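**Q** Okay, handing you the structure first.
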Amino acid sequence: MTYLFKLLAASILLFFSLTELAAAQNGASIRGEVVSTDGVPLPGVHLLIPELETGTFSDQQGHFLIEGLDSGEYTLIASMVGFRDTELTVNLEPGMITPLNIELSPIAIISDELVVTASRRSQLAGKVPVSISTISPAELESRNIVTLEEALHHVPGVQVTGNQVNIRGSSGYAYGVGSRVLLLVDGVPLLGPDQGNMDFDGLPLSNIRQIEVLKSPGSALYGGGALGGVINLITNDYPDEPESNVRLYSGLYQPVRYEEWRTNRGNGNRFRTFTGGTVSHSRKTGNRFGYWATGTFRSDSGYLESNSLLSGELYGKAGLRFSGNQRLDLYTGIRRTRQEQFLYWKGLDDVLSPGSVNLGGEEAVGSNLGLSDRITILPVFNHTVHPDFHYTVKARLFGVAFRPIDSRGNIRPRERHTEGLRYGFEGQFNSSPHEHVEVTGGGTFDANWVSSEFYIGEDSLEVRNQPEGALFLQVDTGWIPEFMVSAGFRYDIYRVHTQDLASQFSPKLGISFELTDHITVRGSFGRGFRIPSVAERFVSNREFLPLESNITLQPETSTGYEAGISSRHRLGSKWGIRTDVTGFLNHYRNLVEPQFSPQDGAFRFVNLTQARIRGMESTLNLFSRESQTDIQISYTWLDAQDTGIGQPLLFRSEHLFQSSARTFLNRWLETGFDFRMASSPKRVDTDFSRFVSDADQFPAVAVADARILFHPELHTNATVTCGIHLKNFFDYYYVERTAFFAAARSIQAVLNIR
């Protein structure tokens, strides 16, 4: 990991050494104002130059500025919710400022936000043929969300069980190993190299432009890991005006109500504390160079015994625009965490303390203390060759290291450490050979390197490497403006074990049709697959639970179908409403699940399940621009069956319900309320109960959060927000995952200065 830290430092120094060069180069600029047809300035209008993949937003007076552009003829698109999109052709000359006055006309329908995950290019959400949900920075800030897990709680059709994401029943709980949902940052995969899982911490949520959640198999564009969907975190660009932000929060976990639980835990009657903060700065330096940098810290004493966390994180992104429509961006991140991991409880008599398991005279414990490091380096190069063709080259290096700490606070010997790297690159092109045709294609290579005593397995090898490569292609056509067709495929070749290779062909097809200005129908079909992680194939350990390797594991596959209808209406001059109803059917083969083997006296991951998951999802969103009120209600029904044995799939809830409301009572007072419910799974894992008491207890979830925020009016350039948040408002007791008690009620205070 020392080498990686040096590499990160060198990369950052390289970017900042180019600042003077970037500032010295003069480009063309566009300066203008956006107003409505009655002459009222429009703030928050999105202005995009698609050929250059750059743009900005209008300020409170409707003014905007786009700098550092190369000369030539381009298209400028101005869009805003409630107004008709406007396209203009602009001719830019070197060193000149082109003035523009743009007028937007109000329309009777509600526009959609731009999304990129559905087709690897910018599209209006209402025109994509698959289900996709978005999370805005305003939602993250209003709820004081500091981890991805908290954000996903509010996405329709999504459950989080432990550190595993379940989109429409695609995943249950596999003891924190393997993910059927792919995590991306700016389109680059970031699943762990060893366990193939998501790390909900260590992500730059304070510098996120948008989070997009694709809810159908995405393997045709993104490959293994996207079996059940894709989560893409799109980071901010660089503002025209320098901006700094400071956020501080602190809170308390309330003690549990039951005296028996408090008695079994040391200091069980006192409140447990948590605190954290973020400091960030972003700016442009000259016409061609911009950057942002963020530092974050978190300290959490934990509401459970042996469940504390101390974490420090640094993130940065720098962008340099060269002549000839070329741009280089570098995202970097580094994190160090000291964490006590609570694995499983003693039982319902004592849910706050970690349990233990006797394995033939050896005792395994339900907690783990360690020091973990994570480093991420993601360079991206974009080149617009001409308005109808541009390409992108992305590389990635994602390193993790875990060092266990003994009971005396000392780091254990090197042979007990786990180290892993995931690295790779991809090339992508976007072409418009015809005004009604968009072509996206490219290739990727990805591999991992893992060294750990946990993954020695049956073949006695200590180092693991699972390389894979792929080609993908997608064509989007719209010969009839109301009728869009998207078709594509991906072909993957990957290593199964040692020198054995396998391949996978994943096609996809989607259709979107605008019945009226208000109503759109869509349908899609797609294949997906997932390669088992290193941990699922090779784990062999009895320190926490008896686990044995299985090097014969085969990839999981899926076939998914979806049909939906969405509508967008204005209710009078101030309100808007969006509705969406979707039906889906997914067939899964060779799902990897942990199973207890009596002859081995241990768990192993096996290709156990053939499954069918069908269901329905509906969402209603009512909002008002002027009073800044937003109300969303969603319901998901799931029928998840293990067709091999004719029983329900493990850890799937049949009913999911989510609702949220946010409103400004006046200019300085904001309130919000969130509620989520999940029915108790029809079937849970009983094998785990052989070792851990009451591990089969999985009650329904019904959690409410409330908040109130103050926005005092200051006669300065700074804006201040302070708020009080109540999480689990009604102090409802439930389990977050098997044998893991969820947090009781907590209260936190937040201060944000921008």
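**Q** Of the conditions (1) open to solvent by 20 Å² or more (accessible area, probe 1.4 Å); (2) in a strand (DSSP E or B); (3) at pLDDT below 85, Phe603 clears all except one; give me its number.
**A** (1)
**Q** Would the stretch 351-369 turn up any residue that is farther than 25 Å from Leu52 by Cα, open to solvent by less than 20 Å² (accessible area, probe 1.4 Å) and within 22 Å of the chain's Cα centre (by Cα)?
**A** Step one: filter the stretch 351-369 for residues farther than 25 Å from Leu52 by Cα, giving 351-369.
With the extra rule that they be open to solvent by less than 20 Å² (accessible area, probe 1.4 Å), the set shrinks to 351-353, 355, 357, 364, 366.
Those still in the list that are within 22 Å of the chain's Cα centre (by Cα) too: none.
Checked against the condition, which is being farther than 25 Å from Leu52 by Cα, open to solvent by less than 20 Å² (accessible area, probe 1.4 Å) and within 22 Å of the chain's Cα centre (by Cα), the stretch 351-369 yields no hits at all.
**Q** If you scan the stretch 425-446, which residues turn out to be free of Cβ contacts under 8 Å to residues at least 60 places away in the same chain, touching a Phe, Trp or Tyr at 6+ places or on another chain (Cβ under 7 Å) and assigned to a strand (DSSP E or B)?
**A** Phe425, Gly427, Phe429, Ser431, Gly441, Gly442, Phe445
**Q** Here's something else I'd like to know. Tell me which of these Ser693 doesn't satisfy, since it passes every other one: (1) farther than 30 Å from Ala602 by Cα; (2) at pLDDT below 90.
**A** Going through the list (1) farther than 30 Å from Ala602 by Cα; (2) at pLDDT below 90, Ser693 breaks only (1).
**Q** For the stretch 383-400, give me each residue that is within 22 Å of the chain's Cα centre (by Cα) and either more than 22 Å from Thr54 (Cα to Cα) or not in a strand (DSSP E or B) (or both). Break it down stepwise before answering.
**A** Our first condition is that a residue be within 22 Å of the chain's Cα centre (by Cα); within the stretch 383-400, this holds for 392-400.
Arg396, Leu397, Phe398, Gly399, Val400, listed by residue number.
**Q** Would it be correct to say that Gln647 is out of contact with any Leu (no Cβ under 9 Å at 6 or more places or on another chain), open to solvent by 50 Å² or more (accessible area, probe 1.4 Å) and at pLDDT below 90? It would help to see each step written out before you state the result.
**A** Working: out of contact with any Leu (no Cβ under 9 Å at 6 or more places or on another chain): yes; open to solvent by 50 Å² or more (accessible area, probe 1.4 Å): yes; at pLDDT below 90: no.
Against the criterion (out of contact with any Leu (no Cβ under 9 Å at 6 or more places or on another chain), open to solvent by 50 Å² or more (accessible area, probe 1.4 Å) and at pLDDT below 90), Gln647 does not qualify.
**Q** Evaluate the following for Phe472: is it surrounded by 21 or more Cβ atoms within 10 Å (Cβ to Cβ) and either aliphatic (A, V, I, L, M) or more than 13 Å from Asp194 (Cα to Cα) (or both)? Steps first, please.
**A** On the way: surrounded by 21 or more Cβ atoms within 10 Å (Cβ to Cβ): yes; either aliphatic (A, V, I, L, M) or more than 13 Å from Asp194 (Cα to Cα) (or both): yes.
Answer is yes for this residue.
**Q** Now for a separate question. Quick check on this structure: which one of Ile49, Ile30, Ile107 is surrounded by fewer than 19 Cβ atoms within 10 Å (Cβ to Cβ), out of contact with any helix residue (DSSP H, G or I) (no Cβ under 8 Å at 6 or more places or on another chain) and at pLDDT 60 or above?
**A** Ile107
**Q** A follow-up question, please. Any idea which residue in the stretch 677-687 is farthest from Ala739 (Cα to Cα), counting only those that are of a type outside the set (Ser, Thr, Tyr) and open to solvent by 40 Å² or more (accessible area, probe 1.4 Å)? Step through it out loud before you land on a result.
**A** Filtering the stretch 677-687 down to residues of a type outside the set (Ser, Thr, Tyr) leaves 677-678, 681-685, 687.
So of that shortlist, the ones also open to solvent by 40 Å² or more (accessible area, probe 1.4 Å) come out as 677, 682-683.
Details: Met677: 19, Lys682: 17, Arg683: 15 Å.
Once the filter is applied, the top-ranked residue is Met677.
**Q** Which of the numbered conditions does Ala661 fail, given that it passes all the others? Conditions: (1) crowded, with 18+ Cβ neighbours inside 10 Å; (2) under 22 Å from Ser573 (Cα atoms).
**A** For Ala661, the exception is condition (1).
**Q** What about Gly424, is it buried (at least 17 other Cβ atoms within 10 Å of the Cβ), at pLDDT below 90 and not aromatic (Phe, Trp, Tyr)?
**A** Numbers: buried (at least 17 other Cβ atoms within 10 Å of the Cβ): yes; at pLDDT below 90: no; not aromatic (Phe, Trp, Tyr): yes.
Spelling it out, it is not the case that Gly424 is buried (at least 17 other Cβ atoms within 10 Å of the Cβ), at pLDDT below 90 and not aromatic (Phe, Trp, Tyr).
**Q** Still on this structure, please answer the following. Only one residue in Gly95, Gly39, Gly82 is modelled with pLDDT under 80, open to solvent by 40 Å² or more (accessible area, probe 1.4 Å) and closer than 29 Å to Ser624 by Cβ, so which one is that? Walk me through how you get there before you give the answer.
**A** Details: Gly95 fails: closer than 29 Å to Ser624 by Cβ; Gly82 fails: open to solvent by 40 Å² or more (accessible area, probe 1.4 Å).
The unique qualifying residue is Gly39.
**Q** Considering every residue within the stretch 381-401, establish whether at least one is within 19 Å of Ser540 (Cα to Cα), surrounded by fewer than 19 Cβ atoms within 10 Å (Cβ to Cβ) and without any contact (Cβ under 8 Å) to a residue 60 or more places away in the chain.
**A** No, every residue in the stretch 381-401 fails to be within 19 Å of Ser540 (Cα to Cα), surrounded by fewer than 19 Cβ atoms within 10 Å (Cβ to Cβ) and without any contact (Cβ under 8 Å) to a residue 60 or more places away in the chain.
**Q** Checking the conditions here, which among Asp639, Asp674 is surrounded by fewer than 17 Cβ atoms within 10 Å (Cβ to Cβ), in contact with a strand residue (DSSP E or B) (Cβ under 9 Å, 6 or more places away or on another chain) and part of a strand (DSSP E or B)? I'd like the intermediate steps shown before the answer.
**A** Values: Asp674 fails: surrounded by fewer than 17 Cβ atoms within 10 Å (Cβ to Cβ).
The match here is Asp639.
**Q** Let me ask another. For the stretch 614-631, give me the residue count where each residue is closer than 30 Å to Leu42 by Cβ and in contact with a Pro (Cβ under 8 Å, 6 or more places away or on another chain). Talk me through it step by step, then tell me what you get.
**A** Start the filter on the stretch 614-631 by keeping residues that are closer than 30 Å to Leu42 by Cβ, which leaves 619-631.
Now restrict to residues that are in contact with a Pro (Cβ under 8 Å, 6 or more places away or on another chain): 619.
Residues flagged as closer than 30 Å to Leu42 by Cβ and in contact with a Pro (Cβ under 8 Å, 6 or more places away or on another chain) within the stretch 614-631 amount to 1.
**Q** Among the numbered criteria (1) crowded, with 18+ Cβ neighbours inside 10 Å; (2) among the hydroxyl-bearing types (Ser, Thr, Tyr); (3) over 30 Å from Leu183 (Cα atoms), which single criterion is violated by Thr376?
**A** Here Thr376 meets the rest and fails (3).
**Q** Take Gly615 and tell me if it is open to solvent by less than 40 Å² (accessible area, probe 1.4 Å) and closer than 16 Å to Lys215 by Cα.
**A** yes
**Q** Okay, moving on. Would you mention how many residues in the stretch 313-350 are within 26 Å of the chain's Cα centre (by Cα), open to solvent by 30 Å² or more (accessible area, probe 1.4 Å) and under 30 Å from Tyr173 (Cα atoms)?
**A** 7
**Q** Name the one entry in Val128, Val146, Val160, Val115 that is open to solvent by less than 40 Å² (accessible area, probe 1.4 Å) and modelled with pLDDT of 85 or more. Let's see the steps before the verdict.
**A** Working: Val128 fails: modelled with pLDDT of 85 or more; Val146 fails: open to solvent by less than 40 Å² (accessible area, probe 1.4 Å); Val115 fails: modelled with pLDDT of 85 or more.
Sole residue among the options that is open to solvent by less than 40 Å² (accessible area, probe 1.4 Å) and modelled with pLDDT of 85 or more: Val160.
**Q** Does Phe710 count as aromatic (Phe, Trp, Tyr), open to solvent by 60 Å² or more (accessible area, probe 1.4 Å) and either in contact (Cβ under 8 Å) with a residue 12 or more places away in the chain or on the phi > 0 side of the Ramachandran plot (or both)?
**A** Working: aromatic (Phe, Trp, Tyr): yes; open to solvent by 60 Å² or more (accessible area, probe 1.4 Å): yes; either in contact (Cβ under 8 Å) with a residue 12 or more places away in the chain or on the phi > 0 side of the Ramachandran plot (or both): yes.
Considered against the rule, which asks whether it is aromatic (Phe, Trp, Tyr), open to solvent by 60 Å² or more (accessible area, probe 1.4 Å) and either in contact (Cβ under 8 Å) with a residue 12 or more places away in the chain or on the phi > 0 side of the Ramachandran plot (or both), Phe710 comes out as yes.
**Q** Return the residue satisfying two criteria in turn: it lies in the stretch 532-548 and is of a type outside the set (S, T, N, Q) and touching a Leu at 6+ places or on another chain (Cβ under 7 Å), and of such residues it is most open to solvent (accessible area, probe 1.4 Å). Explain how you work it out, then say what you get.
**A** Taking the stretch 532-548 first, the residues of a type outside the set (S, T, N, Q) are 532, 534-539, 542-548.
Right, trim to touching a Leu at 6+ places or on another chain (Cβ under 7 Å) and you get 532, 536-537, 539, 542, 544, 546.
Working: Pro532: 1, Glu536: 2, Arg537: 0, Val539: 14, Arg542: 90, Phe544: 41, Pro546: 0 Å².
That would be Arg542.
**Q** Hey, does the stretch 549-562 have a residue that's more than 27 Å from Arg527 (Cα to Cα), in contact with a helix residue (DSSP H, G or I) (Cβ under 8 Å, 6 or more places away or on another chain) and either part of a loop (DSSP other than H, G, I, E, B) or open to solvent by less than 50 Å² (accessible area, probe 1.4 Å) (or both)?
**A** Scanning the stretch 549-562, I find at least one residue that is more than 27 Å from Arg527 (Cα to Cα), in contact with a helix residue (DSSP H, G or I) (Cβ under 8 Å, 6 or more places away or on another chain) and either part of a loop (DSSP other than H, G, I, E, B) or open to solvent by less than 50 Å² (accessible area, probe 1.4 Å) (or both), so the answer is yes.
**Q** Sort out which residues of the stretch 713-723 are open to solvent by 30 Å² or more (accessible area, probe 1.4 Å) and either of a type in the set (Ser, Thr, Tyr) or closer than 30 Å to Ile633 by Cβ (or both), and write them in order of number.
**A** Once the filter is applied, which keeps residues that are open to solvent by 30 Å² or more (accessible area, probe 1.4 Å) and either of a type in the set (Ser, Thr, Tyr) or closer than 30 Å to Ile633 by Cβ (or both), the stretch 713-723 yields Thr716, Thr719, Cys722.
**Q** Next up: Check every one of the strands (runs of 3 or more DSSP E) wholly within the stretch 59-103 and list those with 1 or more residues that are more than 14 Å from Ser29 (Cα to Cα).
**A** Working: elements: 63-69, 72-79, 86-92.
In the stretch 59-103, 72-79, 86-92 are the strands (runs of 3 or more DSSP E) which contain 1 or more residues that are more than 14 Å from Ser29 (Cα to Cα).
**Q** Quick one: is Tyr315 of a type in the set (Phe, Trp, Tyr), within 21 Å of Leu371 (Cα to Cα) and part of a strand (DSSP E or B)? Steps first, answer last, please.
**A** Details: of a type in the set (Phe, Trp, Tyr): yes; within 21 Å of Leu371 (Cα to Cα): yes; part of a strand (DSSP E or B): yes.
Judged against the criteria, Tyr315 is a match.
**Q** Does Ala22 meet the test of being within 19 Å of Asn382 (Cα to Cα), modelled with pLDDT under 50 and not in a loop (DSSP other than H, G, I, E, B)? Write out each step before concluding.
**A** On the way: within 19 Å of Asn382 (Cα to Cα): yes; modelled with pLDDT under 50: yes; not in a loop (DSSP other than H, G, I, E, B): yes.
Taking the combined requirement at face value, the residue satisfies it.
**Q** Please work out which one of (1) of a type in the set (S, T, N, Q); (2) under 25 Å from the mean Cα position of the chain (by Cα); (3) at negative phi is the condition Thr663 fails and give its number.
**A** (2)
**Q** Among the residues of the stretch 611-652, count how many are more than 15 Å from Gly169 (Cα to Cα) and aliphatic (A, V, I, L, M). Give the steps one after another, and end with the answer.
**A** We begin by selecting, within the stretch 611-652, every residue more than 15 Å from Gly169 (Cα to Cα); these are 618-634, 644-646.
This time we only want the ones that are aliphatic (A, V, I, L, M), so: 620, 622, 631, 633, 645.
Number satisfying all stated conditions: 5.
**Q** Out of the stretch 688-707, which residues are surrounded by 15 or more Cβ atoms within 10 Å (Cβ to Cβ) and either acidic (Asp, Glu) or farther than 24 Å from Gly672 by Cα (or both)?
**A** Here is the first cut: in the stretch 688-707, the residues surrounded by 15 or more Cβ atoms within 10 Å (Cβ to Cβ) are 688-689, 691-698, 701-707.
Scanning the stretch 688-707 gives Phe688, Ser689, Phe691, Val692, Ser693, Asp694, Ala695, Asp696, Gln697, Phe698, Asp705.
The values are calculated or read from the model by the stated rules, or taken from the named source; none is laboratory data. The structure presented is a predicted model; accordingly, all values stated were derived computationally and were not measured. Backbone-built Cβ (ideal geometry, glycine too); neighbour counts: all protein chains shown. Accessible surface areas use protein heavy atoms only, side chains included; no ligands, DNA or RNA. Shrake-Rupley method; radii C 1.70, N 1.55, O 1.52, S 1.80 Å.
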